[in-house]
Every structure is written in C-alpha cells, then in structure tokens.
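Each remark here refers to the structure printed beneath this line.
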Amino acid sequence: MHKHSVCAITALAALLTLALAGCAQVHDSYKYSRNFYHTHINKPATLKIDDNVLLDNTEQHLVQRIMPIDEEITKLEKALDAMPAPPNAEEANAFLGRFPWLTGLYMVAPDGTLGAAVPGTPLKQLDFSPLLEVAPKTVPRDLRSSVQDSPFGPEVLLARPFLQEDHLVLLLVAAFDFRALLPYAASPGELVVRTADTQLWSGDIDYASTPMADIDWNETLKSRTNGKISKNGMTMLWVTRHIAETPVVFGIAKQ
C-alpha cells in the first residue's frame, strides 16, 4: 500500500475515533475540519504509519470504503493543481485517459460560456456560473467546485482557474458523475453519499427511511464534520470529505 494511502487511512481513522468517543454527537468546527483534511488527506500526511488507532467494525467499514474514492479524487485535485497551462486537445485526451471516470474536460470563459470541450458537448445541461465566484475563505487560485442535479443524475464539477494578475482568464472544469467512482470501493452499496443539497448515491438503502434523511445538512455542516445519528432502530456513522469548498457526506449503517 502506498504511504499516502496508509497515512490517509490512519488520519481518517483518527477523525472517526473522535466522532464516537464519549457523546454520540460530536461538534467540530468548520475550520478544524478544513485544516485536518488539508493536513492529513489532501496533502502528504505527517502521521506515522505505525500509529495505532482502534476502530469498531462500522468505523473500519467506512474507512475502507471511502479511502479508494478519496485516493482517486486526490489524484485529480493534484493533477489539476499542477497544470502549468490549459491543455491542448492531445493533452486533454491524455488527461482523460489517466482518469477514466471523468465525464469530460471543459474550457469555460470568464463570463461562464463554454468554449472547447473534450470529448464533446456534455450530455447533461451544466451551469458553470457557480464556479466563477471565489468561495468564502478561499483565494482566486484555489480549486473550485459545484454539484448539480440533472435528469441523468448529479454531476460534480471541479474547476482549476487560470489567472492573470488575479483576474480569471479561463476555467478548466473536470466533470464526473460520482457513481463512476463506485467501482473503486468495496461494497459501495453500503455507502450513502450526498452534499448539503444533492444526493449523490444512496446505495442499496432506502434513503428516505434512514436517519440521514431527517437532517438539515445545510445547517449541520456549518458546525459539524462527522457524527452518529439514529432513527427507528437504525444507526448511521457519517463523515465529510471536501471536494474543493464543497463538503461531501459519506454515511454507513452501523454493523
């Protein structure tokens, strides 16, 4: 296993342990969550591989199912961030070859209009305008994200801005359907995945009957990054992983 993967699993395991220590409802600040993930998952971790963290079965299942997906998204984030210039057609096709789960790459002008697209015009009607504004607590150079629903299923947009003197010149947008990442996870049917506003994947579970369906996620994610919730005898553990500024909630039923 790669060092990054081992370290990331250890780091996420530590977060999950905090989530279940003592009280079932753990309140962590948004700032702590961002710092934790930027330190231990989205950048090379500083934790030692031999750190010992004890997990129960549910925690182990959640970690094991999230981390392969996290690794793929992290590779994409780093690849976009490392681009010195927007890709030409040949480079764009090679990029899609590295990430076969992507729907496409789109060049978007500062006014939100679509320019070049590889492999072609997207099937889903995508709105690039949310990517034009700099999100709170970020800088213009940071990656940007948006999650949008459609009749064909939700689409995740991850954008790399190209700037000239802090002015946006071009957005390179990598788009993907989250479901395309599910083959990387073991038993993805056990996972429930959503953002504050959009359900990305409900697995083999009737989402409406789960305790996650009763949560106001917009309000909850303002102050919390993980927790344990129960309803009608069903208990679920959940934790967030940010894609740029968008928190994505991963949940799993207690084993």
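The values are calculated or read from the model by the stated rules, or taken from the named source; none is laboratory data. The shown structure was predicted, so the numbers you read here are calculated from the model rather than taken from an experiment. Positions of Cβ are generated from backbone atoms using ideal geometry, with glycine treated the same way; all protein chains shown enter the neighbour counts. What goes into the accessible areas is simple: the full protein's heavy atoms, side chains included, and nothing from ligands, DNA or RNA. Shrake-Rupley method; radii C 1.70, N 1.55, O 1.52, S 1.80 Å.
Starting from the Cα-Cα distance between residue 184 and residue 255, subtract it from 0.36 nm times their residue separation and give me the gain in nm to one decimal.
Answer, rounded to one decimal: 23.4 nm.
So, R0 is 25 Å and r is the distance between the beta-carbons of residue 82 and residue 109; what FRET efficiency does that work out to, to 0.05?
Plugging the Cβ-Cβ distance into 1/(1 + (r/R0)^6) gives 0.65.
Taking only the alpha-carbon atoms of the stretch 170-237, what semi-axes of the equivalent ellipsoid follow from 5 times the gyration tensor eigenvalues under a square root, in whole Å, largest first?
Sorted largest first and rounded, they come to 24, 18, 10 Å.
Could you pull out every residue, at least 5 positions away or on a different chain, whose amide H is within less than 5 Å of the one on residue 243? Hs are placed 1.01 Å off N in the peptide plane, and Pro or chain starts have none.
248
Give, in nm to one decimal, the length gained when the segment between residue 222 and residue 91 is fully stretched (0.36 nm per residue of separation minus the Cα-Cα distance).
Stretched out fully, the residue 222 to residue 91 stretch lengthens by 43.3 nm.
Can you pull the percent of the stretch 109-255's accessible area that's carbon plus sulfur, 1.4 Å probe, other chains left in place?
Carbon-and-sulfur percentage of accessible area, whole number: 51.
Multiply the residue gap between residue 142 and residue 245 by 0.36 nm, knock off their C-alpha separation, and tell me the result in nm, one decimal place.
Using 0.36 nm per residue and subtracting the Cα-Cα distance, I get 36.2 nm.
What are the ³J(HN,Hα) couplings of the stretch 234-247, residue after residue, when phi is run through the Karplus curve with 6.51, -1.76, 1.60 and θ = phi - 60°? Round to Hz, x for glycine and proline.
Running phi through 6.51 cos²θ - 1.76 cosθ + 1.60 with θ = phi - 60° gives 9, 10, 10, 9, 9, 8, 9, 9, 7, 10, 6, 8, 9, x Hz.
Quick one: of 222/254; 228/254; 231/254, which pairs are farther than 19 Å apart, Cα to Cα?
Over 19 Å Cα-Cα: 222/254.
Kindly write out, for the stretch 215-230 in residue order, the coupling ³J(HN,Hα) from the Karplus curve 6.51 cos²θ - 1.76 cosθ + 1.60 (θ = phi - 60°), rounded to whole Hz, with x marking Gly and Pro.
Once θ is set to phi - 60°, the couplings for the stretch 215-230 become 8, 7, 5, 4, 6, 4, 6, 5, 10, 10, 10, 6, x, 9, 10, 9 Hz.
Rounded to the nearest 10 Å², what accessible area does residue 65 have for a 1.4 Å probe in the complete protein model?
Accessible surface of residue 65 is approximately 20 Å².
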